[in-house]
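The values are calculated or read from the model by the stated rules, or taken from the named source; none is laboratory data. Computed from a prediction, not measured in an experiment: that's the story for all the values here. Because the Cβ atoms are built from the backbone with ideal geometry, glycine has one as well, and the counts that use them run over all protein chains shown.
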Amino acid sequence: MVDTTPILDIRDLTVKFRSGGQLLPAVDRCSFSIGKGEVLGLVGESGSGKSTTAMAMLGLLPKNAVIEGDAHFGGANILTLPETELTALRGRRISMIFQDPMSSLNPVLTVGEQVAEPLVAHYGLPPMEAQTRALELLDRVKIPDARRRLHSYPNELSGGLRQRVMIAMALACEPELLLADEPTTALDVTVQAQILDLLLDLRDESGLSILLITHDLGVVANFADQVAVMYCGRLMETAPVNTFFDSPSHPYTEALIRSIPTDNGAPRLETIPGSVPKLTDLPPGCPFSTRCQHHFTACDETVPVLREIAPSHFSACVRTPDYA
């Protein structure tokens, strides 16, 4: 019998930041799950709350953050784990690839030292054994001349190689879940494809589950199994990847898809008018109402919640049939 229990199950995750006597909602009652070996693409414009969602799970937000809800992983709610248990979990069973490989690596440590660090911290490997394992990891992520690169510093590597080093660090302890936050940002198209193919290969080899955080729908189309659309800290739509592109329901999803560059000869790239509102100035009702081409009075009167409109397809819009 196939085990369908999700490896990660998020329910009503809420993150607020204390600022100037206010509690500003950065993530508002988000719920989603990821199965073993599954890739979930979490998409949306910058400022939508995607990275905050991932950082909240690992306890990496600043002290002015107030976190509520549940995030079940391995039989425990990781949002309530003591710091010692969470520290043991981070980098071991759940790893994260942070944004911008140009600044995420320590400039004063060699590549080998940084890849070996989680092996020493979690497994207690002697330094020489950890370095040997680090070399194997650099080979695994297809870094050319890995033995020489083991002794290089980050500034001696290209952006693509630094990103591969970040992946090697994240995979050092063979985690069950990888949080990949914009793993292909600032990389050219060729290197981007190589990095994504590498992650897919690793997923297929070990059953690794991946939360892919991105604003690039082209990456999602070729990489994800499920898609969740986020805006102003709320989930607007979730669906299997084919349904997401073939039958989008929420106006925000439709607008994102229309803004993808195409080769159909259109004279101008379509854009979404306006910008993501600040947390201090959220509109009443639906957060997308001020930019939505389908806006009407009901949009300002209620905050829509996700409703199932087809099998495994959920949308949060008052335009969905029988919304009440």
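Quick look at the values:
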read-out: Lone qualifier among Glu174, Glu182, Glu156, Glu129 - being under 15 Å from Ser95 (Cβ atoms) and either surrounded by fewer than 16 Cβ atoms within 10 Å (Cβ to Cβ) or touching a residue at least 40 places away in the same chain (Cβ under 8 Å) (or both); value: Glu174
read-out: Test result for Ala26, farther than 20 Å from Phe314 by Cβ and not polar (S, T, N, Q); value: yes
read-out: Residues within region 46-69 that are closer than 22 Å to Phe223 by Cα and either surrounded by fewer than 17 Cβ atoms within 10 Å (Cβ to Cβ) or not assigned by TED's automatic domain parsing to the domain that holds Tyr231 (or both), tallied; value: 1
read-out: Thr190 being of a type in the set (Ser, Thr, Tyr), over 12 Å from the mean Cα position of the chain (by Cα) and not in a loop (DSSP other than H, G, I, E, B); value: yes
read-out: Cross-chain or 6+ apart pairs with Cβ under 8 Å, region 232-261 first and on the phi > 0 side of the Ramachandran plot, then among the charged types (D, E, K, R); value: Cys232/Asp28; Gly233/Asp28
read-out: Those residues of region 159-171 which are of a type outside the set (D, E, K, R) and touching a residue at least 24 places away in the same chain (Cβ under 8 Å), in sequence order; value: Gly159, Gly160, Gln163, Val165, Met166, Ile167, Ala168, Met169, Ala170, Leu171
